[in-house]
Amino acid sequence: MEKYLILNTLNYPILSMLLLVPLIGAVVAMFLRGDTLQKFWALAVTTVTAVISIPLWNCFDRSTAKYQFVELRHWFPALNLDYVVGVDGISVLLVLLTTFVMPLCILCSWTYIQKRIKEFMIVTLLMETAMLGVFVSLNTVLFYIFWEGMLVPMYLIIAIWGGDRKDYASIKFFLYTFAGSIFLLVSIVALYIHTGTFFIPELMDHTYGFAFQMWVFLACALGFAIKMPMFPFHTWLPAAHVQAPTAGSVILASILLKMGGYGFLRFCLPIAPAATFYCMPYLIIMSLVSIIVGGYLALGQSDIKKLIAYSSVGHMGFVTLGIFLLNDAGIKGAMLQMINHGVTTGALFILIGLIYERTHSRELSVNNKLGMIMPIYVTFLGIFSLSSLAFPGTNSFVGEFLVLFGAFEKYPLVGAMAIPGAILAAAYMLRMLQKMVWDDSDGHGHHHDDDHGHGDHGDAHGHDSHVLADCNFREILQLAFLTIFVFWIGLHPTPLLDMMDTSIAHLIHQVDAGSVVHDAVQHHGEHHALLNQAGAWVKSIVSF
Amino acid sequence: MNTIITSKIVLTMLIPMVTGVLVMFSGKKPNLRDSWSTLGAILTFASVLQFLPTILDGTQLQYTLFELYPGITVKLNLDGLGVVFALVASFLWILASLYCVGYMRGLNEHAQTRFYVCYAVSVGAAMGAAFAGNLFTLYLFYEIVSIFTYPLVMHHQDEEGYAGAKKYIVYLMFTSKAFLLPAMVIIYVLAGTLDFQTAGIAQGIFPAEADRFVVGIAYLLCLFGFAKSGIMPLHNWLPDAMVAPTPVSALLHAVVVVKVGVFSTCRVMLSIFGTNILHETGLGIFTAYFVSVTILTASIIALTKTNLKARLAYSTVSQLSYIILGVAMLTPNSITGGLIHIANHAFAKITLFFAAGCIFVASGKKDIGEMGGLGYRMPFTLIAFAVASLGMIGAPPVGGFVTKWYLALGTMDIHNWILLCVLLASSLLNAGYFVPIFLQAFFGKPLPEDEGVTGSLENKPLIMFMVVPLVITATLSVLVGIYPDLFLNLINLMVKS
């Protein structure tokens, strides 16, 4: 077992502490009284967790693909089941993303959450433990426990603190995700029966028959595709996003969606490489469809939150596209795009929450002409919208460029087909920006959408500067923090890319090795030929 | 050729950006705010000027700011071509910032602080484009120019402003995402880098074994991707963007924005693809014919426009294509002719727009038909206008003549009488739409309500803020025709290497 691991050499169990601090924080929160105290307590706990996670960044050994900071405790010897947690270049960034986004989730709920504040903070802290658990587990059972453990707090966040259609949205979220997880559980059990271990690195090293790989791949991929979400499994996302409170949307967008991508990289690719190659063309096509459909649907939305939710579908399409290109640039781009989406879309949801608190509406036609009234807000909105449309110099550009580079390198035609997604991203973000900052020229004028209002209807009718205060210090703090990442990743992503470099090289090696030895090579050969032929065909037409 | 690594060249780009910030924080004090603008412009020009001797020695200045990925960096590299554009744009910014004071205050425009901030940042981004050392940096600044000129186009915030601005951003963003982004990826896949070839204009950056078909696709994507250069059929944003206040039309849509487009196109042709590949694949001569269509069509459309600014806009579309035509003919003479037109057109066209804006502020007239007899009431303005028109037509001794001379030499070099005819026909067309304007102004019949009014319109102090700059630019457009040596030397550094 040790050949896969580097045991934790820090003088404290860093990963277990990351899991325990929010959990203990949640337990303590049960005994605290007073809303303000609750808020400060939750903020303190999440901040401490973030601080604890910092050594993951500077003590991380970038030269090895082994799992690091590992803690190993024997747990259930009869089933060969151990408590084992660790991170590699793929998960470490997602762990850091989680720990740093969580304090912002508390801050953005500061005034947004008005009822049951204590419960909200407890649930959010539990959520943090579960999410971190998913990223650090090196054992399928542990992974599954945390994966399912995430579902309940998220369900509660939507169902209790959500909007008017929260029941519908929360049930939909629960059923979709749960349906996916069932298949995941089946494949975990199947893998255990086949190999006798739950330990993920050992599962990766095992070789399986092609048919078995296919079943495992399909079962896992379904679960992860729902989580991503990929077209056509994406319909839960807009509902959940629109109804969730700001913090819920931020958690969903920044972290939960990343679990699908993480699952693909951790399970599907290394455990079932031959099946991955076999299914690659289909998943690439699904990704392209997600990119285009997500972007196209976003273009038609009048509800800002829905717009961003559909844009997430498009962005996640770029992630799966990058993953299934199975080359270095593609997977790096996908990884970076996951981090970027976490930063940018998280910020956009914070921005929407912020304007919703003021106008009690998420309609574009109500929240317009803000340019003159809220200059600070509009500046941040501009920065994050541009980041979302992959403006050069911002974080998303690097991710999108790498994915496109990976695509054009391997299948130029696929790259060309992803370009409309980039155009659509520019179209819907600029449309939103234009309407919110300046204009109400689409004829709707100022009206209030009753679906979304709770509170004083008269207030929102024709807002003016008395109603709309610009961002306060707390809000500026959250947004400024994320802005740093927009430009840092946008202009100097090398430290992040270095961090994932070795692990991704190792992953690609695993996938290539697994597929070469296997008889499925012929199968994937045919499919490669299919894509290449399509390319040659178009080329011959153009050259004619 | 030597290259000096120096962080000083970042300064030129930073000064306008800092100016923008200072302007933003002094919005409550108009005099201070407008002084910042002018001071920023002077400092920017001075900072470009200090590099001039070094560049004239044949040395290039270089600095890498950030590395995103191997071969993709934010890198500045100043050479002859970059310095021509930077000199012209920064110098004209000084005059334009004075002119802005007269225009914006003369019309009592709203949101002047926003206007000056965006104005300064746009110029700063244009400096960045001029100094760009690779395609990514160029793309970065190109896009920043698009974003920050958007509020300027919709400055009036009326229906027309929104419509024009929407068209503007849709054209520019669509082309850059749809064409430029894939072009950049393809170039990176083929060449492994986006850095410009700084050693010469012949060889480009592609390895010898690169598939010529794919290179050709990348070239076409670049040609259409830089929609700011106004090549038909992607020119439509330009006339509609004229809803912007005239100083914007003058500096941005005659000098900064469109020149960023043309400059980028030329830069990509010369420093990414190189004349060898363009010649070998026939893409050079294809481009020459393609832009010839724009030259002639835009001139014909200009004939039909009676609104002065609209006519100038189509004239811009037509004149911009001269620059690309010159480069596309791929001979030393024609490239010189094309690139020097960046300067010549800038001086003449900004004069024309300044004059149009001055006429509008002083008399409220936009249509050419209303301008009868105006020449006697605004003599300086309209004489400057006439001089600049001669530049557009290509009559000596104004700068435009130098352009046409070199372009004609270029057509002779490649023995192409079709392109020579295009040049001659377009000169006639230019004359056809410019001459009637000053004929009308000096000899036309005044409108009934203007009959007998003879007082000068140019003696108010605010108007003087506009007349002085435009007289200076008109004088300069003659001077660059008589002494073209400075720009010729700079361009020769590029062409002869």
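Averaging the sequence gap over all C-alpha pairs within less than 8 Å and six or more residues apart, then dividing by the number of residues, gives chain A a relative contact order of 15 percent.
Averaging the inverse of every distinct alpha carbon separation and then flipping it gives the Kirkwood radius. What is it for region B:48-138, in angstrom units?
Working: mean 1/r = 0.0673 Å⁻¹.
For region B:48-138, the Kirkwood estimate is 14.9 Å.
Here region B:447-480 and region B:136-179 have alpha carbon centers that stand 31 Å from each other.
Which whole number gives the average count of other chain Cβ atoms within 10 Å of the Cβ atoms across peptide A:390-399?
Values: counts 2, 6, 15, 10, 1, 0, 0, 6, 3, 0.
Mean shielding by partner chains, rounded to a whole number: 4.
Based on a Kirkwood Rh over C-alpha pairs, give the Stokes-Einstein translational diffusion coefficient of region B:230-324 at 25 °C and viscosity 0.890 mPa s in µm²/s. Stokes-Einstein gives a translational diffusion coefficient of 176 µm²/s.
The residues B:Lys177, B:Lys28, B:Lys167, B:Lys404, sorted by heavy-atom accessible surface at 1.4 Å with ligands and nucleic acids left out, run B:Lys28, B:Lys167, B:Lys404, B:Lys177 from largest to smallest. The antiparallel fraction among DSSP beta bridges confined to chain B stands at about 70%. Within 10 Å of the Cβ of each residue in B:182-188, the mean number of Cβ atoms contributed by other protein chains is 6. Here the convex hull built on the C-alpha positions of region A:289-358 has a volume of 57 cubic angstrom per residue. The alpha carbon convex hull volume per residue for region A:2-543 rounds to 141 Å³.
Run the numbers on chain B and let me know its relative contact order in percent, using alpha-carbon pairs under 8 Å that are six or more apart. Spell out each step's value before the answer.
On the way: 917 pairs, mean separation 77.7, N = 497.
Rounded, it is 16 percent for chain B.
The lysines within cross-link reach of B:Lys445, meaning a Cα-to-Cα straight distance under 22 Å and a gap of 8 or more places when in the same chain, are B:Lys305, B:Lys309, B:Lys365, B:Lys366.
Once the other residues with Cβ under 12 Å from the Cβ of B:Ile186 are scored (Lys, Arg +1; Asp, Glu -1), what is the net sum? The partial results should precede the final answer.
Working: positive: none; negative: A:Glu409, B:Asp211.
Summing Lys/Arg as +1 and Asp/Glu as -1 gives -2.
With K and R counted +1 and D and E -1, the other residues having a Cβ less than 15 Å from that of A:Met316 yield a net charge of +1. Simple spin-label estimate for B:Asn108 and A:Glu357 gives 4.0 nm between the two label positions (7 Å along the Cα-to-Cβ direction from each Cα).
Find the accessible area per residue for chain B; the probe is 1.4 Å, ligands and nucleic acids are left out, and the unit is Å². Intermediate values should be presented prior to the final figure.
Details: 15770 Å² over 497 residues.
Computed with neighbouring chains in place, this is 32 Å² per residue.
Amide H contacts for B:Phe66 (H built 1.01 Å from N in the peptide plane; partners 5 or more residues away or on another chain; cut-off under 5 Å): B:Val74. Sequence-ordered 3J(HN,Hα) estimates for region A:172-185 from the Karplus curve with 6.51, -1.76 and 1.60 and θ = phi - 60° stand at 4, 4, 5, 5, 4, 5, 5, 4, x, 5, 4, 5, 4, 4 Hz, glycine and proline given as x. Solvent-free Debye calculation, one equal scatterer per alpha-carbon of region B:176-220: log10 I(q)/I(0) at 0.31 Å⁻¹ equals -1.23.
Counting only protein chains, not ligands or nucleic acids, how are B:Tyr406, B:Tyr322 ordered by accessible area (probe 1.4 Å), most first? Mind dumping the intermediate values first?
On the way: B:Tyr406 50, B:Tyr322 0 Å².
From most accessible down to least: B:Tyr406, B:Tyr322.
Treating r as the C-beta distance of B:Thr3 and B:Phe286 and R0 as 30 Å, the FRET efficiency rounds to 0.35. B:Lys166 contributes an accessible area of around 120 Å² to the protein surface, as traced by a 1.4 Å probe with all chains present. The modelled label-to-label distance between A:His206 and A:Leu10, using points 7 Å beyond Cα along the C-beta direction, is 3.2 nm. Computed over region A:360-417, relative contact order equals 13 percent, with contacts defined as Cα pairs under 8 Å that lie 6+ residues apart. Converting phi to 3J(HN,Hα) with the Karplus coefficients 6.51, -1.76 and 1.60 and the offset θ = phi - 60°, region B:213-229 yields 5, 5, 4, x, 4, 4, 5, 4, 4, 5, 4, 8, x, 8, 5, 5, 6 Hz in sequence order, with x at every glycine or proline. Checking the Cα-Cα distances for B:Lys228/B:Lys496; A:Lys435/B:Lys167; A:Lys306/A:Lys435; A:Lys3/A:Lys410; A:Lys227/A:Lys305 against a 22 Å cut-off, the pairs over it are B:Lys228/B:Lys496; A:Lys3/A:Lys410. In terms of its Cα atoms, chain B spans 74, 55, 43 Å along the principal axes, sorted from long to short.
Treating each Cα of region B:53-98 as an identical point scatterer and summing with the Debye formula, the log10 of I(q)/I(0) at q = 0.17 Å⁻¹ comes to -0.65. Taken over the alpha carbons of region B:304-497 as equal point scatterers, the Debye sum produces base-10 log I(q)/I(0) values at 0.12, 0.14 Å⁻¹ of -0.59, -0.76. Our coupling estimate for region B:171-179, obtained by passing each phi through the Karplus curve with A = 6.51, B = -1.76, C = 1.60 and θ = phi - 60°, is 4, 6, 6, 4, 5, 6, 6, 6, 10 Hz, Gly and Pro reported as x. Dividing the convex hull volume of the alpha carbon atoms of region A:70-175 by its residue count gives 119 Å³ per residue. Neighbouring Cβ atoms from other chains, within 10 Å of the Cβ of residues in A:402-409, number 5 on average.
In whole percents, the pair-distance distribution calculated for region A:313-417 from its alpha-carbon pairs, binned every 10 Å from zero, is 16, 39, 24, 16, 5.
Cross-link partners for B:Lys8 among the lysines, with Cα-Cα distance under 20 Å and sequence neighbours closer than 8 places in the same chain left out: B:Lys75. Computed over the protein assembly as shown, the per-residue total of -39500 (n - 2.57) for DSSP H runs of n ≥ 4 gives a 222 nm mean residue ellipticity of -23500 deg cm²/dmol, rounded to 500. Residues whose amide H lies under 5 Å from that of B:Gln60, counting only those 5 or more places away or on a different chain, are B:Asn2, B:Thr3, B:Ile4; hydrogens are built 1.01 Å from N in the peptide plane.
Give the dimensionless ratio obtained when the Cα radius of gyration of the protein assembly as shown is divided by 2.2 N^0.38 Å.
Working: Rg = 30.9 Å, N = 1041, 2.2 N^0.38 = 30.8 Å.
Ratio of Cα Rg to 2.2 N^0.38 Å: 1.00.
Summed over both chains, the contact between A and B buries some 2900 Å² of accessible surface at a probe radius of 1.4 Å.
The values are calculated or read from the model by the stated rules, or taken from the named source; none is laboratory data. These numbers were taken from a predicted model, which means no experiment stands behind them. Note: ideal-geometry Cβ built from the backbone for every residue, glycine included; neighbour counts use all protein chains shown. Only protein heavy atoms, including side chains, enter the accessible area calculation; ligands, DNA and RNA are left aside. Shrake-Rupley method; radii C 1.70, N 1.55, O 1.52, S 1.80 Å.
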